[in-house]
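**Student:** One structure follows; several queries about it will come next.
The values are calculated or read from the model by the stated rules, or taken from the named source; none is laboratory data. Everything quoted here is computed from the prediction, not taken from an experiment. Note that each Cβ is placed from the backbone with ideal geometry, even for glycine, and that neighbours are counted across all protein chains shown.
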């Protein structure tokens, strides 16, 4: 562990790490788009933008349609010039309303995640969730998937005054678990996850099976390890974390 202490707590990102939330998110996105007269966007194209939130997902699809190429910002400059910002904000709210209405209809655990959580419980190793998803969606989702009932803590995007990549949410999670930051490991599928964990003084692992774009380079994020699948966490803990 590069000189770190033994791991005594495990923290997870939610979307793209513990749960495959893409089907519900993209269903809501496309519902809002089609109501507004835009075509649906393929799930495979949108997945890399999920970690950026609903605005990033919507921005990609709208810029792709309007300019014939994908974009990465929302509202897109072209749309702003047309004076349609209010309409776009309503479109975003419609997407979020649709998502809230079916937040756990199609969402599933990534294969192997449930086994990991069972093993952490068997080892009496506390674990928690730190996500930028706001509690409006995090709470019903984690309750539906029985994560609310068994996790040691859940820190949402509006739990603290800062979001990842700021370290504050992770520090709040370790406080709730009663563990020192240097004895925690944080797993996520985005560069901001690794940055937040490193800034919090934790070990970090990049979930390569999550929502990562083809041109991303997780090997350059500075994580302490790369997980090709959820079960790789147990291998890492046994070899590096020494729980």
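**Student:** Taking helices (runs of 4 or more DSSP H) that do not extend beyond region 124-243, which have at least 2 residues that are more than 16 Å from residue 12 (Cβ to Cβ)? Break it down stepwise before answering.
**Tutor:** Values: elements: 135-144, 147-150, 168-177, 191-199, 232-236.
Helices (runs of 4 or more DSSP H) meeting the threshold: 135-144, 168-177, 191-199.
**Student:** Take the residues of region 95-114 that are assigned to a loop (DSSP other than H, G, I, E, B) and in contact with a helix residue (DSSP H, G or I) (Cβ under 9 Å, 6 or more places away or on another chain): which is farthest from residue 144 (Cα to Cα)?
**Tutor:** Taking region 95-114 first, the residues assigned to a loop (DSSP other than H, G, I, E, B) are 102-107, 110-112.
This time we only want the ones that are in contact with a helix residue (DSSP H, G or I) (Cβ under 9 Å, 6 or more places away or on another chain), so: 102-107, 112.
Numbers: 102: 11, 103: 9, 104: 7, 105: 9, 106: 11, 107: 10, 112: 18 Å.
Residue satisfying both the conditions and the ranking: 112.
**Student:** Does residue 162 satisfy the condition of being within 25 Å of residue 223 (Cα to Cα), surrounded by fewer than 16 Cβ atoms within 10 Å (Cβ to Cβ) and without any contact (Cβ under 8 Å) to a residue 24 or more places away in the chain?
**Tutor:** Working: within 25 Å of residue 223 (Cα to Cα): yes; surrounded by fewer than 16 Cβ atoms within 10 Å (Cβ to Cβ): yes; without any contact (Cβ under 8 Å) to a residue 24 or more places away in the chain: yes.
In short, yes.
**Student:** Kindly list the number of the only condition in (1) outside the structural domain of residue 139 (by TED's automatic domain parsing); (2) at pLDDT 85 or above that fails for residue 67.
**Tutor:** So the condition that residue 67 fails would be (2).
**Student:** Does residue 31 satisfy being within 25 Å of the chain's Cα centre (by Cα), in the same structural domain as residue 120 (by TED's automatic domain parsing) and modelled with pLDDT of 90 or more?
**Tutor:** Working: within 25 Å of the chain's Cα centre (by Cα): yes; in the same structural domain as residue 120 (by TED's automatic domain parsing): no; modelled with pLDDT of 90 or more: yes.
No; evaluated as a whole, the condition is false for this residue.
**Student:** Those residues that are under 18 Å from the mean Cα position of the chain (by Cα), surrounded by fewer than 20 Cβ atoms within 10 Å (Cβ to Cβ) and more than 19 Å from residue 207 (Cα to Cα), I need them from region 167-192; list them, please.
**Tutor:** Answer for region 167-192, where residues must be under 18 Å from the mean Cα position of the chain (by Cα), surrounded by fewer than 20 Cβ atoms within 10 Å (Cβ to Cβ) and more than 19 Å from residue 207 (Cα to Cα): 168, 172.
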